[in-house]
Amino acid sequence: MGFDMSAIHLKDLNIFYGDTQVVHDVTLDVAPGESFALVGESGSGKSTILKAIMGLAPDWTGTIEVDGKPRSHGPDRAFSRQCQMVFQDPYGSLHPRKTIDATLAEPLLIHGLKNRDARVVELLGEVGLDARFRFRFPHQLSGGQRQRVAIARALALEPKFLLLDEPTSALDVSIQAEILNLLKRLRKERGLTYLMVTHNLPVVAFMCDRLAVMRHGRIEEIASAEALKTGALATPYARELYRLSNPEETAEEQP
Amino acid sequence: MSLTTWLTDDAPASRAQANLGRAYDIFRRLCRNPLAALGMAILLVLVLCAAFAPWIAPYSPIGQDLGNRLLPPSAAHWMGTDELGRDIFSRVVHGARLTLLIVGLVAVISAPVGLILGAVSGYFGGWVDRILMGITDIFLSLPKLILALAFVAALGPGIENAIIAIAITAWPPYARLARAETLTFRNAEFVQAARLAGGSHARVIGLHILPLCTSSTIIRVTLDMAGIILTAAGLGFLGLGAQPPLPEWGAMISRGRAFILDQWWVATMPGFAIIVVSLGFCFLGDGLRDVLDPKSGDKA
Amino acid sequence: MSLLDIQNLTVTFPTPRGPVNVVDGVSLALGQERLGIVGESGSGKSMTGRAILGLVRPPGKVRADRMLFEGQELQGLSDRAMRKIRGARISMVMQDPKFSLNPVMTVGRQIEEALRTHESLPRRALKARVVEMLDAVRIHDPERVMRLYPHEVSGGMGQRIMIAMMLIPRPRILIADEPTSALDVSVQGQVLDLIDELVRENGMGLMLVSHDLHLVGRYCDRVMVMNAGRVVETLDAKNLHAAQHPYTKGLLAAVPRMNETRDELPVLDRSKWAST
């Protein structure tokens, strides 16, 4: 699929950790406003792609363009207002000695934005956290509440693109449902573009428009969410993942 | 609303309340540990002695009274008198000021230097790490007292130079400690998140990494205090620290050495003060280690 | 006679706000069957397993009206007697093999060690049992794997080694606490199939502790749903989708499905049963 103007455009992307190459020749385009999933098992290189886009995995060759502009190999201030990331582990992504208030005010402070107090309160409201959480420390919050704070922090600079790295895999299913609903609502309200990494295919079916199945650092297949829901996947590996993630429904079809 | 309910409020209404609440929680847990409480009490006595020395001490610390030389402890002279007839109790009380000065200045100079060097070294890694840790290793490989002696010999004897010399020899362990701590969370997601928000390296080190290294450094400094007091006393004992007639505890022991067989109190009383204060710091350090351990705060 | 018969088990931990019952009056009986314990984090499901094995550390306190293993009361047993039961008669597989295996000991040594603490066998018989066990957990080249260190094996293989270690003294009950949640889906199925097969073959009782209702439904005969330290309901795995309690229903509904058409996932309304 091609677009006149992709929100995120990767071409022949190769990523290295030291001497080992973890991502091979990845090419994909994410349309503006789309929710795109990278799916695969551990070691498939899906998270590494997010890190390379954000500038946290600086050793890559090929092209990374976000919103039509080529990316540098490190984090930079202008880019941070365009694109933010939500991490997998709600326990590791918040500074343990900083109050929620300090965590949310930090990006605003770095970029010298005004009305910080009002913005922090507003951000808490947007992710469905009561204002009384504002001056608590992360250890006083549950996993789901922490992940809401992490999402609020990512939204603080009002980016157009959010990269989500397994945002719910460390959470209980009932909390996962709340966070997925929240992410879906935020995307609708703010017209965000999502690039999401997950190993959970049903989550993709709920959240995303398209997906790329990855294996050993390569893209096996790019498919639409409709194809995923009906199991109409082209490659054997993608079908195998589908079967493993969906044992009940496929059990009857098998002899 | 009473003060304690305000401090222990689950949902603080302001930044100050949240931070005070955390400090109060640490204090309360320290008090529950008997040894730490004892350590705090000893240090409180030390601070009070230093602050009110002229009022506590019955005599002048330097006033000589050759008629009352080498008197044993009595109601008039609680710790006896030395070879120049000076009241040892008064000298020990005034000596608390010197001890506090040495300990305080050494901590203020060496801990931040070590912290910053260690955090920078651990955060950047690579050749920065190799150079900084190389320097640290050189300092670590020399015995502390010998190195301090060399510095004092070069700078000249005196209490200021003794403080500088001790501070120069005291920072390497803090650098090692801060580096090790930094390595454990330099790739943590909250550090990456700060970078992704556009924060500079200096900001990430100063506002995100250093605050996490401080608690272990505070513990380490407290435990090292005993050693610092002993080094200062050692320098004083060798005549390279505080100069007479300053009532520095180490120098006092040194003077008392000549009479140790017949007039035991002259050397013993300041020695006793050194032991008590060193113990106080050790107790407090152990207590702080239990309380400031980041994991202990997470327990419900 | 059931293998395990527990009446009114309570595990209490002191907190600054007074004691909290992490497990609150749980009763269960386990025969030669597969019982699933499901709940979210903090439901007390893992603590129930640990309490049975006497692994609750102070200041936690365990109380029960009775806690019988093959008719023998487990409460009040000495540490020594408890160690004899733990591992030899009741075994436990934990979540992450990385943390459960000793990193400086070869895999073979560790499995031997597990057997030797409970049975004294001549060297050769010992080795034969280890090879046989590794074979049973479908490790193709046991002689080679025995010489490996834990960091040299993959997550799936590590978990199979853990299972071998736990099953080699031929226990009566296996408690598996989230045995596959650290593994990829392709390996998860293999590990669970393996546990399932070994448990059936040896006529053991299995207690599978997990947060995943569907997984437990697939691999167990009965499912016990826990919330806030209490048993919400116990039902046959076959009838899982006919669950009555709003909590169970809520949990089932909150999981996204592959052929998802809902625009929003239903969220648990905790206020409904929090008071009960």
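The table below lists the values:
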| item | result |
| --- | --- |
| Qualifying residue in the stretch C:158-171 (condition: within 14 Å of another protein chain (Cβ to nearest Cβ), outside any loop (DSSP other than H, G, I, E, B) and closer than 13 Å to C:Val93 by Cβ) | yes |
| Among (1) touching a residue at least 60 places away in the same chain (Cβ under 8 Å); (2) within 13 Å of chain A (Cβ to nearest Cβ); (3) of a type outside the set (Lys, Arg); (4) within 26 Å of C:Thr10 (Cα to Cα) - the single one C:Pro246 does not satisfy | (1) |
| Residue check, A:Gly92 within 18 Å of the chain's Cα centre (by Cα), within 12 Å of chain B (Cβ to nearest Cβ) and free of Cβ contacts under 8 Å to residues at least 12 places away in the same chain | yes |
| Residues located in the stretch A:103-152, provided they are small (Gly, Ala, Ser), more than 10 Å from chain B (Cβ to nearest Cβ) and on the phi < 0 side of the Ramachandran plot | A:Ala118, A:Gly125, A:Ser142, A:Gly143, A:Gly144, A:Ala152 |
| A:Arg218 charged (D, E, K, R), surrounded by fewer than 19 Cβ atoms within 10 Å (Cβ to Cβ) and within 29 Å of A:Ala118 (Cβ to Cβ) | no |
| Some residue of the stretch C:171-186 being of a type in the set (Ser, Thr, Tyr), buried (at least 22 other Cβ atoms within 10 Å of the Cβ) and on the phi < 0 side of the Ramachandran plot | yes |
| Residues located in the stretch B:2-33, provided they are away from chain A (no Cβ under 14 Å) and not hydroxyl-bearing (Ser, Thr, Tyr) | B:Leu3, B:Phe27, B:Arg28, B:Arg29, B:Leu30, B:Cys31, B:Arg32, B:Asn33 |
| Selected residue [over 26 Å from A:Gly55 (Cα atoms) and crowded, with 22+ Cβ neighbours inside 10 Å] from A:Phe133, A:Phe206 | A:Phe206 |
| Residue match in the stretch A:13-28 (condition: within 22 Å of A:Val204 (Cα to Cα) and surrounded by fewer than 23 Cβ atoms within 10 Å (Cβ to Cβ)) | yes |
| Candidates A:Val30, A:Val66, A:Val23 - the one that is in contact (Cβ under 8 Å) with a residue 12 or more places away in the chain, more than 8 Å from chain B (Cβ to nearest Cβ) and in contact with a helix residue (DSSP H, G or I) (Cβ under 6 Å, 6 or more places away or on another chain) | A:Val23 |
| Matching option when the condition is over 30 Å from A:Phe135 (Cα atoms), modelled with pLDDT of 90 or more and surrounded by fewer than 17 Cβ atoms within 10 Å (Cβ to Cβ), among A:Gly74, A:Gly62 | A:Gly62 |
| Within the stretch B:1-50, tally of residues that are exposed (fewer than 13 other Cβ atoms within 10 Å of the Cβ) and of a type in the set (Asp, Glu) | 1 |
| Selection count, the stretch C:138-157, where residues are in a helix (DSSP H, G or I) and either among the charged types (D, E, K, R) or surrounded by 15 or more Cβ atoms within 10 Å (Cβ to Cβ) (or both) | 9 |
| Subset of the stretch B:155-176 [out of contact with any Ser or Thr (no Cβ under 6 Å at 6 or more places or on another chain) and modelled with pLDDT of 90 or more] | B:Pro173, B:Arg176 |
| Enumerated helices (runs of 4 or more DSSP H) restricted to the stretch C:58-132, each holding at least 3 residues that are at pLDDT 85 or above | C:79-85, C:107-116 |
| Entirely in the stretch A:160-255, the strands (runs of 3 or more DSSP E) that have 2 or more residues that are in contact with a helix residue (DSSP H, G or I) (Cβ under 8 Å, 6 or more places away or on another chain) and away from chain C (no Cβ under 13 Å) | A:161-165, A:193-198, A:218-224 |
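Yes/no per residue for (1) in contact with a Lys or Arg (Cβ under 9 Å, 6 or more places away or on another chain); (2) under 30 Å from A:Phe135 (Cα atoms):
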{"site": "B:Trp6", "(1), (2)": "no, yes"}
{"site": "B:Arg22", "(1), (2)": "yes, yes"}
{"site": "B:Phe27", "(1), (2)": "no, yes"}
{"site": "B:Ala37", "(1), (2)": "no, yes"}
{"site": "B:Gly63", "(1), (2)": "yes, no"}
{"site": "B:Arg69", "(1), (2)": "no, no"}
{"site": "B:Met79", "(1), (2)": "yes, no"}
{"site": "B:Ile88", "(1), (2)": "no, no"}
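The values are calculated or read from the model by the stated rules, or taken from the named source; none is laboratory data. Computed from a predicted model, the values in this text were never measured in an experiment. Here Cβ is always computed from backbone atoms with ideal geometry, including for glycine, and neighbour counts include all displayed protein chains.
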